[in-house]
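Have a look at the structure below, then the notes.
The values are calculated or read from the model by the stated rules, or taken from the named source; none is laboratory data. All values reported here derive from a predicted model rather than from experimental measurement. Here the Cβ positions follow ideal geometry from the backbone for every residue, glycine too, while neighbour counts run over all protein chains shown. In case anyone asks, the SASA skips ligands and DNA or RNA and just uses the protein heavy atoms, side chains included. Shrake-Rupley method; radii C 1.70, N 1.55, O 1.52, S 1.80 Å.
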Amino acid sequence: MKKFILKLLLFVSLLILLFGLFLLFLFLPSTPRASKSLLFAEIKKDSLLIATPSTRIVFVGGSNLSFGVNCQLIKDSLKINPINTAIHAGIGIKYMLEKTLKYIKKGDIIVFVPEYEHFYSDWNIGSPELLRTVIEVNNRSNVNLLSKKQLYNCFSYIGIFILSKFNPFEYINIEENDVYGVNSFNEYGDVDAHWNLENRHDEITSNTIDITGYNPEVIVEIRQIMDKLQEKGCIFLVSYPCFQETSFNNSIEAIKKVEEDLKNNTFKILGTPERYMMSDSLMFDTVYHLNKQGLERRTKLLIEDLKTVLHGIN
Amino acid sequence: MLFNTITFAVFSPIVFLLYWFVFQRNLKLQNFFIVVASYVFYGWWDWRFLLLIAFTSLCSWVCGLLIQHTDNQQDKQLFSRKFISISNIVLNLGILGIFKYYNFFVESFISAFASIGINLQLHTLKLILPIGISFYTFQALSYSIDVYKRKIEPTKDIVAFFAYIGFFPLLVAGPIERATNLLPQFYKKRTFDYKNAVDGVRQILWGLFKKIVVADNCATYVNTIFENPQDQTGSALLLGAVFFAFQIYGDFSGYSDIAIGVARLFGINAMRNFAYPYFSRDIAEFWRRWHISLTTWFRDYVYIPLGGSRVSKAKIVRNTFIIFLVSGFWHGANCTFIVWGAFHALLFLPLILFNQNRKYTNTVAEGRNFPNIKEIFQMGVTFLLVVIGWVFFRADSIEMAFEYFIDMIDRSLIYLPPTDRIRIFKCLFFVLCMLSVEWIQRGKQHGLETFGFGWNKYLRYFFYLTLAFIILIVNLRGRGHDFIYFQF
């Protein structure tokens with residue numbers, strides 16, 4: 001028995017040692033391919049948040065926003081300075097909002113547009129993209145913004161993250177992606193790299209969101225951050241993402257649940273889910289990414305809704 | 001509590017140390033500790049499940065005592081042995097039926113009557129299906145039937161009996177133990193066997209590899225395919241079906257290896273559940289190697305009592321269909337499982353009718369390193385048939401399964417799927433690793449029983465360490481996929 005326990009302990013100790021050594025690779029610099037990914041656009045977007053003068057309208061959300069609005073049209077129409085901070089839904093809404101809070105000024109209008117999936121399962125706390133953002137993009141300076149749950153969640157991606165640094169394809173034949181690159185954004189933070197490209201409908205797989213995974217904590221988190229933003233003298237508005245019609249119809253029950261809960265929590269809401277449902281032909285390459293024609297239509301709707309709500313507030 | 005979680009990694013060493021160092025001196029106390037630990041393990045999901053398992057255990061234990069009591073009162077019997085035994089079977093199957101099948105029957109009745117224009121007002125129940133209910137119910141049934149058939153003496157030791165039904169490594173997904181094998185092990189003092197324990201750890205390691213590395217990797221691809229089959233190319237559908245075959249094998253046989261390995265650490269020898277089924281040369285051999293504890297359960301308690309194969313041809317056909325349909329239905333309240341059972345019955349029938357069902361009882365390519373062309377062909381055809389069956393098993397409905405096959409037969413079948421190629425190669429790599437090791441070990445109880453024994457000792461330890469490291473890295477998510485068979 002003693003021999004068995006000692007051998008087992010030795011084995012486990014060696015395993016822990018090996019894992020400890022493995023963790024050291026976390027501090028390796030980001031790979032050339034990763035450095036060109038769109039996640040690194042956060043640095044530029046943070047500068048926009050610092051430098052853009054008031055009065056400002058700040059868009060926070062996932063790629064439904066980065067691929068879904070034309071801020072120039074908003075600026076021309078509303079005569080306020082837009083900043084599109086959206087990059088990737090996988091960063092999670094908690095981090096997106098907490099980080100925005102750092103740079104917010106009195107009088108800012110925050111338009112928060114989460115993807116529907118953020119309300120289901122635990123996607124709100126982030127995925128591998130959050131780990132890369134915190135470790136590589138911000139050089140660990142924003143680790144303090146993460147909750148224990150998020151830290152634990154990030155830890156679970158460490159294996160995949162470190163192994164990616166040993167992937168030879170991360171170092172050879174590096175070309176920035178034509179759409180998903182660090183330089184795919186315009187001066188307001190909108191992705192404009194795809195505006196003149198052909199649709200990539202063959203890459204679209206329609207979604208079905210299962211209502212059973214609804215996570216009521218998400219609304220609570222949004223409320224908490226809304227309170228903090230309002231304390232800072234901001235206007236906090238929530239809206240619905242542009243969503244492919246087929247996926248919308250597949251997920252109608254799950255979408256209604258989100259709508260109902262947002263309404264019950266007295267958020268100031270722009271539009272309805274149906275209003276932002278977009279025909280399949282207006283999508284670019286995913287169920288949330290609009291092509292040029294689609295994003296112009298969505299921006300028009302957003303401007304109308306913003307005018308209505310802001311008029312009511314003033 | 002899942003085997004592939006940190007919770008279990010903390011729970012099991014504590015139970016192990018207490019079991020051998022604190023409770024070993026007193027057998028009754030040690031058995032009682034097993035019951036407590038098992039109930040903590042099971043109650044971790046939902047403490048309400050404990051009431052049901054305790055009730056099932058108590059009823060079956062009392063049933064055994066009542067049967068013994070009637071034996072002792074030769075002249076005046078209030079209830080016959082048969083009556084008591086049947087009552088217990090009805091009670092256990094009744095509980096299983098309510099929790100697992102009630103809603104299925106109600107919904108089927110409603111839709112059947114609706115099709116002829118009658119609207120029935122029947123209500124379904126909002127019940128949670130207790131994890132592993134089919135497994136421990138069958139274990140309880142095996143005891144009552146064996147006592148009735150006088151294969152085993154009824155036990156007066158309620159603690160040993162509760163330990164037999166609830167023994168945590170085998171509780172939620174088997175192997176479904178027989179009272180004749182497991183119960184007597186709780187009567188005897190267990191001694192720690194170093195070699196058995198070390199081999200148990202190797203078996204756990206191999207089970208974790210199959211579950212976490214092979215099955216969970218395949219699962220991510222398979223789920224994508226089966227969630228939106230209409231959007232996939234023919235080759236993606238084919239790969240989805242093939243990877244599901246390895247997912248379910250890695251998942252379930254991996255669980256069985258972990259369960260058997262953990263049981264061995266506690267000095268308990270559980271029955272084998274898998275014997276490399278994908279190296280089978282025909283369907284009959286496949287069924288001797290797949291989910292052995294369930295297959296033999298049905299053979300002993302359903303097929304043989306019905307007359308088995310020593311009856312007329314017509315009755316052989318009937319018995320074969322009954323056993324496969326019941327086996328399908330055991331997996332869940334869905335027509336897809338019944339069709340899966342019927343499909344296998346059709347494949348099995350010609351073999352049993354022409355007395356070919358026991359043609360291959362030895363290990364394939366015995367005494368050779370590689371199979372010959374004929375064996376490769378036989379294994380390939382058997383695997384292909386099994387994969388066809390798995391599509392019915394995995395599909396949400398029979399219509400979906402048929403559409404899946406129709407969409408697969410497409411020109412794109414011969415081209416590599418355009419998306420997810422890295423994931424496909426990763427799955428293929430891990431599947432090939434698993435198959436290679438298991439091919440080498442195909443005459444052994446599990447994949448690591450003697451694998452690497454010819455190597456330098458340190459190289460072998462390095463291999464184990466690497467395997468454990470890969471499992472750790474892949475499982476860092478810490479919330480690995482559930483085991484598929486928990487739902488049954």
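Among residues of region A:212-225 being touching a residue at least 60 places away in the same chain (Cβ under 8 Å) and away from chain B (no Cβ under 14 Å), the one that is surrounded by the fewest Cβ atoms within 10 Å (Cβ to Cβ) is A:217. Set side by side, the residues B:91, B:78, B:50, B:58 differ, and just one is assigned by TED's automatic domain parsing to the domain that holds residue B:131 and modelled with pLDDT under 90, which is B:78.
Can you find even one residue in region A:80-88 that is touching a Gly at 6+ places or on another chain (Cβ under 7 Å), of a type in the set (Ser, Thr, Tyr), within 30 Å of residue A:293 (Cβ to Cβ) and away from chain B (no Cβ under 14 Å)? Talk me through it step by step, then tell me what you get.
Step one: filter region A:80-88 for residues touching a Gly at 6+ places or on another chain (Cβ under 7 Å), giving A:83-86, A:88.
Now narrow it down to the ones that are of a type in the set (Ser, Thr, Tyr): A:85.
Filter again for within 30 Å of residue A:293 (Cβ to Cβ), leaving A:85.
Subset that is away from chain B (no Cβ under 14 Å): A:85.
Looking through region A:80-88, at least one residue is touching a Gly at 6+ places or on another chain (Cβ under 7 Å), of a type in the set (Ser, Thr, Tyr), within 30 Å of residue A:293 (Cβ to Cβ) and away from chain B (no Cβ under 14 Å).
Inside region A:1-47, residues that are touching a residue at least 24 places away in the same chain (Cβ under 8 Å) and within 14 Å of chain B (Cβ to nearest Cβ) make up a count of 5. The test for being under 18 Å from the mean Cα position of the chain (by Cα), under 26 Å from residue B:198 (Cβ atoms), at pLDDT 95 or above and buried (at least 19 other Cβ atoms within 10 Å of the Cβ) does not hold for residue B:255. Within region B:212-232, the set of residues being buried (at least 18 other Cβ atoms within 10 Å of the Cβ), over 25 Å from residue A:10 (Cβ atoms) and not hydroxyl-bearing (Ser, Thr, Tyr) comprises B:214, B:215, B:216, B:217, B:218, B:219, B:222, B:225, B:226, B:229, B:232.
So in region B:387-413, with the set limited to residues that are in contact with a Gly (Cβ under 8 Å, 6 or more places away or on another chain) and surrounded by fewer than 17 Cβ atoms within 10 Å (Cβ to Cβ), which one is modelled with the highest pLDDT?
This residue is B:409.
Looking only at residues of region A:156-171 that are surrounded by 15 or more Cβ atoms within 10 Å (Cβ to Cβ) and at the interface with chain B (Cβ under 9 Å from one of its Cβ atoms), we find that the one that is nearest to residue A:36 (Cα to Cα) is A:162.
Elements of the type helices (runs of 4 or more DSSP H) sitting completely within region B:383-480 and holding at least 1 residues that are within 12 Å of chain A (Cβ to nearest Cβ): these cover B:421-440, B:457-474. The single condition among (1) surrounded by fewer than 19 Cβ atoms within 10 Å (Cβ to Cβ); (2) modelled with pLDDT of 85 or more; (3) in a loop (DSSP other than H, G, I, E, B); (4) not acidic (Asp, Glu) that residue A:194 does not satisfy is (1).
I'd like to know if region B:241-251 contains one or more residues that are more than 14 Å from every other protein chain (Cβ to nearest Cβ), open to solvent by 20 Å² or more (accessible area, probe 1.4 Å), over 22 Å from the mean Cα position of the chain (by Cα) and among the hydrophobic types (A, V, I, L, M, F, W, C). Within region B:241-251 (the criterion being more than 14 Å from every other protein chain (Cβ to nearest Cβ), open to solvent by 20 Å² or more (accessible area, probe 1.4 Å), over 22 Å from the mean Cα position of the chain (by Cα) and among the hydrophobic types (A, V, I, L, M, F, W, C)), the answer is no, since none of the residues qualifies. Taken over region B:167-202, the residue count meeting the criterion of being within 14 Å of chain A (Cβ to nearest Cβ), outside any loop (DSSP other than H, G, I, E, B) and open to solvent by 10 Å² or more (accessible area, probe 1.4 Å) is 7. The residue that is most open to solvent (accessible area, probe 1.4 Å), among those in region A:182-191 that are within 18 Å of residue A:68 (Cβ to Cβ) and out of contact with any strand residue (DSSP E or B) (no Cβ under 7 Å at 6 or more places or on another chain), is A:187. When we screen A:98, A:129 for residues that are in contact with a His (Cβ under 8 Å, 6 or more places away or on another chain) and open to solvent by 20 Å² or more (accessible area, probe 1.4 Å), the only hit is A:129. In a residue-by-residue description of region A:55-75, the property of being more than 23 Å from residue B:466 (Cβ to Cβ), open to solvent by 60 Å² or more (accessible area, probe 1.4 Å) and not polar (S, T, N, Q) applies to at least one position.
Here residue A:140 passes the criteria (1) at the interface with another protein chain (Cβ under 9 Å from one of its Cβ atoms); (2) without any contact (Cβ under 8 Å) to a residue 40 or more places away in the chain; (3) under 18 Å from residue A:34 (Cβ atoms) except the one numbered (1). Taking region A:124-180 as the range and being closer than 20 Å to residue A:61 by Cβ and assigned to a loop (DSSP other than H, G, I, E, B) as the test, the residues that pass are A:126, A:127, A:138, A:142, A:146, A:147, A:179, A:180. Checking each residue in region A:48-95 for being in contact with a Cys (Cβ under 9 Å, 6 or more places away or on another chain) and without any contact (Cβ under 8 Å) to a residue 12 or more places away in the chain picks out no residue at all. The residues on offer are B:316, B:322, and the sole one that is closer than 16 Å to residue B:304 by Cβ and open to solvent by less than 30 Å² (accessible area, probe 1.4 Å) is B:316. Residues that are open to solvent by 100 Å² or more (accessible area, probe 1.4 Å) and either more than 29 Å from the chain's Cα centre (by Cα) or of a type in the set (S, T, N, Q) (or both) within region B:414-434 comprise B:414, B:415, B:421, B:422, listed in sequence order.
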